[in-house]
Protein chains: 2
Amino acid sequence: MNKHKKHMEAALKEAQTAFDKDEVPVGAVIVYKGQIIGRAHNQIKTLKDPTAHAEMIAITQAASRLKNERLKDCSLYVTIEPCPMCAGAMVLARIQDLFYATEDPKSGASGSALNILQNKKLNHKVKVKQGLLKDESRSLIQEFFKKKRERCVSG
Amino acid sequence: MNKHKKHMEAALKEAQTAFDKDEVPVGAVIVYKGQIIGRAHNQIKTLKDPTAHAEMIAITQAASRLKNERLKDCSLYVTIEPCPMCAGAMVLARIQDLFYATEDPKSGASGSALNILQNKKLNHKVKVKQGLLKDESRSLIQEFFKKKRERCVSG
């Protein structure tokens with residue numbers, strides 16, 4: 001199997017874990033020299049922490065693992081286009097490559113709402129590829145919000 | 001003393017703590033109903049974590065204290081204009097007011113490099129005031145980088 005698809009499947013598995021915990025289903029993994037060194041899902045509600053996005057937790061894990069606050073030569077796989085906070089963290093961490101599954105038209109910071117990952121005013125550019133497991137990731141998010149709406153309607 | 005000045009002095013004290021630990025000297029506090037509920041300094045090198053900016057740690061603390069991932073009606077005081085990651089976190093946390101001391105022309109996300117805090121494409125705007133204890137904050141940062149340069153030159 002294509003290695004990128006394999007890593008995005010690991011991210012999607014994390015997103016499913018978030019879904020099962022009633023968290024917005026987003027998952028992320030970070031890969032260095034072929035090994036996953038960070039693996040996380042969104043935990044905002046569980047931790048009562050607005051910064052606890054999948055990407056942020058994975059970045060903290062990976063930096064701890066490498067004992068280095070710079071994640072040079074690392075690739076990050078995430079199931080949805082990162083928000084401004086997470087994109088800013090990727091620039092600070094010097095992530096080399098980002099693979100994301102589906103776009104976020106409302107607050108995506110890889111071109112949808114803003115462009116932080118390849119912004120000429122910032123001192124690092126992240127290479128971005130999108131679309132891997134897009135349908136699977138989008139379906140999971142759509143199912144999550146459909147369930148939320150049904151719950152609101154039924155009281 | 002003016003309450004805003006008092007809170008910025010608390011943030012500046014945190015920045016001094018960062019300076020003393022050889023971290024880029026940035027400090028932040030978060031205030032809710034007149035009480036400081038988050039107080040932190042930059043800890044990137046200490047924690048080996050690129051996300052460990054003063055504002056991020058203070059947001060996590062404050063949300064934990066309020067048991068709520070939304071920091072409505074909270075004010076954040078920080079000694080330098082926030083970067084894209086921290087500004088994005090403030091939008092996610094629904095911070096009401098931001099007071100920052102000195103601008104960051106290179107990566108400030110309150111208008112210097114980007115504008116995330118009052119971006120019409122995002123779903124929350126943070127009210128921003130700048131300039132409180134600007135000279136003190138800027139001097140501390142300039143002294144830090146001067147010391148770094150001298151150390152590089154002297155080997």
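The values are calculated or read from the model by the stated rules, or taken from the named source; none is laboratory data. This one's a predicted model, so the numbers in the text were calculated from it and none came from an experiment. Quick reminder, even Gly has a Cβ in these numbers, built from the backbone with ideal geometry, and neighbours come from all protein chains shown. Remember, those area values only see protein heavy atoms, side chains included, never the ligands or the DNA or RNA. Shrake-Rupley method; radii C 1.70, N 1.55, O 1.52, S 1.80 Å.
Inter-copy label distances at A:Lys3, 7 Å along the Cα→beta-carbon direction, one decimal in nm, shortest first?
Taking the point 7 Å beyond Cα along Cα→Cβ, the inter-copy spacings are 5.6 nm.
For chain B, take the longest principal axis of its alpha carbons; what is the angle in degrees between that and the long axis of helix B:54-66, to the nearest 10 within 0 to 90?
Once rounded, one gets 30 degrees.
Just to compare against my own numbers: the Cα pair-distance distribution for the range A:28-155, 5 Å bins, whole % per bin, please.
That works out to 2, 11, 20, 23, 20, 13, 6, 3, 2, 1, in percent per bin.
Give a residue-ordered list of calculated ³J(HN,Hα) values for the range A:12-24 (Karplus: 6.51 cos²θ - 1.76 cosθ + 1.60, θ = phi - 60°; whole Hz; x for Gly, Pro).
Ordered by residue, 3J(HN,Hα) equals 5, 5, 4, 4, 5, 4, 4, 3, 5, 9, 6, 9, 3 Hz.
Give me the distance in nm between label points sitting 7 Å out from Cα along the Cα-to-Cβ direction at A:Asp97 and B:Asp97, one decimal.
In this crude label model, A:Asp97 to B:Asp97 measures out at 4.8 nm.
Please compute the Kirkwood hydrodynamic radius over the protein assembly as shown, one decimal place, Å, based on all pairs of different Cα atoms. Numbers along the way, then the final one.
Values: mean 1/r = 0.0508 Å⁻¹.
Every distinct Cα pair counted, the radius reaches 19.7 Å.
Contour minus end-to-end for B:Lys72 and B:His4, with contour as 0.36 nm per residue of separation and end-to-end as the Cα-Cα distance?
Additional length available on full extension: 22.7 nm.
Out of all DSSP beta bridges in the protein assembly as shown, what portion is antiparallel? Express it as a percent rounded to 5.
55 percent
Between chains A and B, what is the buried accessible area summed over both chains (1.4 Å probe, protein heavy atoms, nearest 100 Å²)?
Accessible area lost upon association: around 2400 Å².
What does the net charge come to around A:Arg70 if you take all other residues with beta carbon closer than 14 Å to its beta carbon, with K and R at +1 and D and E at -1?
Values: positive: A:Arg65, A:Lys67, A:Lys72, A:Arg94, B:Lys45, B:Lys48; negative: A:Glu69, A:Asp73, B:Asp49.
For residues surrounding A:Arg70, the net value is +3.
How much of the DSSP bridge set in the range A:25-155 is antiparallel, in percent, rounded to the nearest 5?
If I count the DSSP bridges inside the range A:25-155, around 55 percent turn out antiparallel.
How are the C-alpha pair distances of the range A:1-75 spread across 5 Å bins, as whole percents from the shortest bin up?
4, 18, 26, 22, 17, 10, 3, 0
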